[in-house]
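Notes follow the structure.
The values are calculated or read from the model by the stated rules, or taken from the named source; none is laboratory data. Being a predicted model, the structure only gives us computed values, none of them experimental. Ideal geometry is used to build each Cβ from the backbone, glycine not excepted, and the neighbour counts take in all protein chains shown.
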Amino acid sequence: MATTAEAEAMRRAIALAARGLGHTSPNPVVGCVILDADGRTVGEGWHQRAGGPHAEVHALRAAGERARGGTAVVTLEPCNHTGRTGPCTQALLEAGIARVVYAVADPTDGAAGGAATLAAAGTAVESGLLADQAAEVNEAWLTSMRFGRPFVLWKYAATLDGRSAAADGTSRWITSAASRADVHRLRAQSDAVVVGSGTLRADDPHLAVRGQGGARQPLRVVLDTKATIAPGARVLDSAAHTLVAVADDAPALRLLGAETGPGLDIPALLGELHARSVRSVLLEGGPTLAGAFLAARAVDKVVGYLAPALLGAGAPALADAGITTAIRALHLELTDVTRLGPDMRITAVPGECAPSQGS
Ligand code: AOF
Ligand code: ZN
């Protein structure tokens, strides 16, 4: 049984892990707290960038000799392998750690087995403490490791009557500055931002991150099957890298007709992005593309920004997702409801039928 101090330390470790969001890909976010034998915190650390020291190593360094006989509380099972850095199991043993409490097992073939190694060396090991919360902060990496495709977050902004544009096509500033700033936070945490050619033509979006200090720019991905992108499109500027996926860029995109959506093989696209080390995708627009991703069961989380405004006409947030009758509605589970300035941000995840690779 984990102690109260260990549960508190795990909450702290999860918050530390979150500091790495947007900086560690293609690696996980991980946080670690070292407690001495009396349950006092003597070291903290988090994984700060891919290829850099693991969370455990940062925390052990901070604790120094005070780690001896203590407990390491880690959000992910300590690694057992020599990759770009040495195995954390060895670092923990050498530091004299007596007990390890971790939240989530490492699902990767190479690095897993840390718990068994520690136990075999006489360390007390406990798993599963606050596993749901720890898995949530690491959802992008865990989804990628389990399914071999990036985690997909579909984000949209709409009026209370579910419209993302007015009848004349205008869509700017439906939601408030607070909501738009929050979208930049999501972008900064994503490896790639994806839009379709309809949104490209209608909005000429820039898709780079603004106003997030130290943020890394996500890869901008434009799905432009017919290669209609204008040379002067803002998405083609030098603020970030841009990938324009056109139909003959096989196998990233193939014209497969109705099978997976309008001219788009979504599993192939996601497989291609995964191969490019993209672990998280922010799906930004528009309604047709979102419908295709949902039809392919390739959406892991939905974040809707709802403005208390009404339009009554204009494009809906979501177009055809292959659902024709109410009983087939895609039901989601609400995980968060937050007020952002005058708006409401709703976060929800699909039920049991997703996520999958959609094929
Ligand atoms: C991290 N940071 O804090 C922990 C990780 O590429 P490497 O050698 O750094 O190894 C990455 C693997 O190590 C990663 O996929 C995961 O399985 C394990 N744990 N990784 O990047 C960390 N604890
Ligand atoms: Zn490690």
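Here are the numbers for the structure shown:
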item	result
Single residue of segment 108-151 satisfying the filter (within 16 Å of ligand 2 (Cβ to nearest atom) and polar (S, T, N, Q)) that is nearest to ALA298 (Cα to Cα)	ASN138
All positions within segment 72-98 that are polar (S, T, N, Q), within 11 Å of ligand 1 (Cβ to nearest atom) and free of Cβ contacts under 8 Å to residues at least 40 places away in the same chain	ASN80, THR82, THR85, THR89
Test: residue in segment 206-216 that is at pLDDT below 95, touching a His at 6+ places or on another chain (Cβ under 8 Å) and surrounded by 19 or more Cβ atoms within 10 Å (Cβ to Cβ)	yes
Condition met for SER190 (in contact (Cβ under 8 Å) with a residue 24 or more places away in the chain, farther than 19 Å from PRO316 by Cβ and assigned to a loop (DSSP other than H, G, I, E, B))	yes
Lone qualifier among ARG61, ARG49, ARG66 - being basic (Lys, Arg), within 15 Å of ligand 2 (Cβ to nearest atom) and either touching a Phe, Trp or Tyr at 6+ places or on another chain (Cβ under 9 Å) or not in a loop (DSSP other than H, G, I, E, B) (or both)	ARG61
Segment 69-94 - residue that is more than 11 Å from ligand 2 (Cβ to nearest atom) and surrounded by fewer than 24 Cβ atoms within 10 Å (Cβ to Cβ) and, of those, farthest from VAL125 (Cα to Cα)	GLU94
Members of segment 2-35 that are of a type in the set (S, T, N, Q) and under 20 Å from LEU219 (Cα atoms)	THR24, SER25, ASN27
For ARG339: the one exception among (1) closer than 28 Å to ARG180 by Cβ; (2) among the charged types (D, E, K, R); (3) at pLDDT below 95	(3)
Count - residues of segment 1-45 that are in a strand (DSSP E or B) and crowded, with 23+ Cβ neighbours inside 10 Å	6
